[in-house]
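In what follows, a structure is listed as structure tokens, so that the remarks can point back to it.
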Amino acid sequence: MSVEKPGKRNPAPTRTAIEDIRSGLKVTSRLPAIAGRSEFLYAHPFAQFQGIEKGRPPVTQSTLITPNGGTLKDCMVPAGDAKALQDAAGSMPSITLSAKQACDLEMIAMGAFSPLDGFVGPEDFESICRNMRMTDGTVWPIPITLAVDDATKGTLSEGKQAALKHPDGTLLAVIDVTSIYAHDKKLEIPNVFRTEDSSHPGVQAVAEEGDWLIGGPIHVLTTEPASGDAERFENYRLTPAQTRAAFAERGWSRVAAFQTRNPIHRAHEYLCKCAQEICDGLLIHPLVGETKPGDIPADVRMKCYETIIENYFVADRTMLTVMPGAMRYAGPREAILHALIRQNYGATHFIVGRDHAGVGDYYGTYDAQLIFNEFNRDEIAVEPLRFEHAAWSNRAQGMVSAKTFPKLEGDQIFLSGTKVREMLGRGERPPGEFSRPEVADVLIDWAVSAAAPA
């Protein structure tokens, strides 16, 4: 029996439309908080991007989940104050940020790390490492730190300020140095990563950082280095305030967020669509910050996301934006961090699959789901959607999991990442039950060109 190849459905939002969100959305009214949530009224001049079904009246009001800690932070310096701060920074000691620290700075600046308004001090550092909570009780699982070496530490003083610079020399921000304290790696590493194995990429990264930490609020001038960044994806780089505005414009209150650092194959597509059935919309939110060697390049992944949305998702119910955070590969704790970040972006539900944010075999298959049991709903408002491993079943003729269909010997189609890469490198599509052909073609183009001699 032949199966007709699916045709194109509603197109994904155009780049022009996404630019409209970035530049045109504005808050026009703020209403009182009701039942733990905040209501905002937004206006946008482009009705075409409301993303509502035909026949429904325009939606101008949406109930949005409260940000973590209650307030969405904004650490960007007002335009009128920027010149004076830039001039003052010229006489300050400076700290050159690592790639990870630059990612963290951007996440703090736009409120994605709310309630943080800077790099953590010693009290919060210890409380987060030991208890996954800040000293005021707010849930926060991984300390966001600014590590420096002995030489840099010697130029700094508590109560003073320091300039924060990109490796290319761009002045990004100024920090109020409220604390300088020893980097207790023996406390951080085993608590955050549940291992001290130096082969773990997160452990290795922390171990190689400076032995001193600088705490204090930041005042951000820009998050864009002068040298440019090919993986910024400006057309998709929405802040939490902008995604919240877009959700309100579309009339979405229940929003499921899906994080990925890989192309979306059939199993992940299945999880996303299950979530769409119970929510108003889906935010596909790939991570484009610092990852590890061997990960598929972000530009290739973005093309895969655009392709699968265009061909297999309903555009009116799907949004694609990027999250510029750095991966820690901290498994369970990072799952909590990723959920709280998505709460700040306005998501009410967060998809947690098997081994979320894991690497190697350091964590149990579902440890990233079980950790949510350590918190109550008053502490984490975003709801985890816990999915088991899914795969195509020939017998069921569809996607199944251990919860929905009995496992039969040889029934499910599963390919290892190594096997898939070997097939792509030979120019072969994986089975259609594993990956959509349009996505496979994007990956084949990349794999073949990457393998070609220079």
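A short reminder: the numbers here are calculations on the coordinates, not readings from a lab. Everything numeric here is computed off the predicted structure, so don't read it as measured data. Glycine gets a Cβ as well: all are built from the backbone with ideal geometry, and neighbour counts include every protein chain shown.
So here's what we get for this one:
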{"read-out": "Label-point separation, residue 91 to residue 373 (7 Å along Cα→Cβ), nm", "value": "5.9"}
{"read-out": "Cut-off under 5 Å, modelled amide H: who pairs with residue 358 long-range", "value": "331"}
{"read-out": "Net length gained if the chain between residue 277 and residue 397 were fully extended (0.36 nm per residue, minus Cα distance)", "value": "41.2 nm"}
{"read-out": "Efficiency of FRET between residue 150 and residue 388 - r from beta-carbon atoms, R0 60 angstrom, step 0.05", "value": "0.80"}
{"read-out": "At R0 = 30 Å, FRET efficiency that the Cβ-Cβ distance of residue 74 and residue 211 yields, to 0.05", "value": "0.40"}
{"read-out": "Estimated FRET transfer efficiency when R0 is 41 angstrom, pair residue 408-residue 306 (beta carbons, to 0.05)", "value": "0.70"}
{"read-out": "Fewest-first ranking of 366, 345, using other Cβ atoms within 10 Å as the exposure measure", "value": "366, 345"}
{"read-out": "Inter-label distance, nm, simple model (7 Å from Cα along the C-beta direction), residue 441/residue 316", "value": "2.7"}
{"read-out": "Dipole magnitude of the stretch 243-369, debye to nearest 20 (Cβ charges: Lys/Arg +1, Asp/Glu -1, about Cα centre)", "value": "140"}
{"read-out": "Two-site label geometry, residue 295 and residue 178: point separation in nm, points 7 Å out along Cα→Cβ", "value": "3.0"}
{"read-out": "Distant alpha-carbon pairs in the stretch 213-274 (separation over 15 angstrom), percent", "value": "73"}
{"read-out": "Sorted peptide list for 376-389, 438-451, criterion being average Cβ within 10 angstrom, highest first", "value": "438-451, 376-389"}
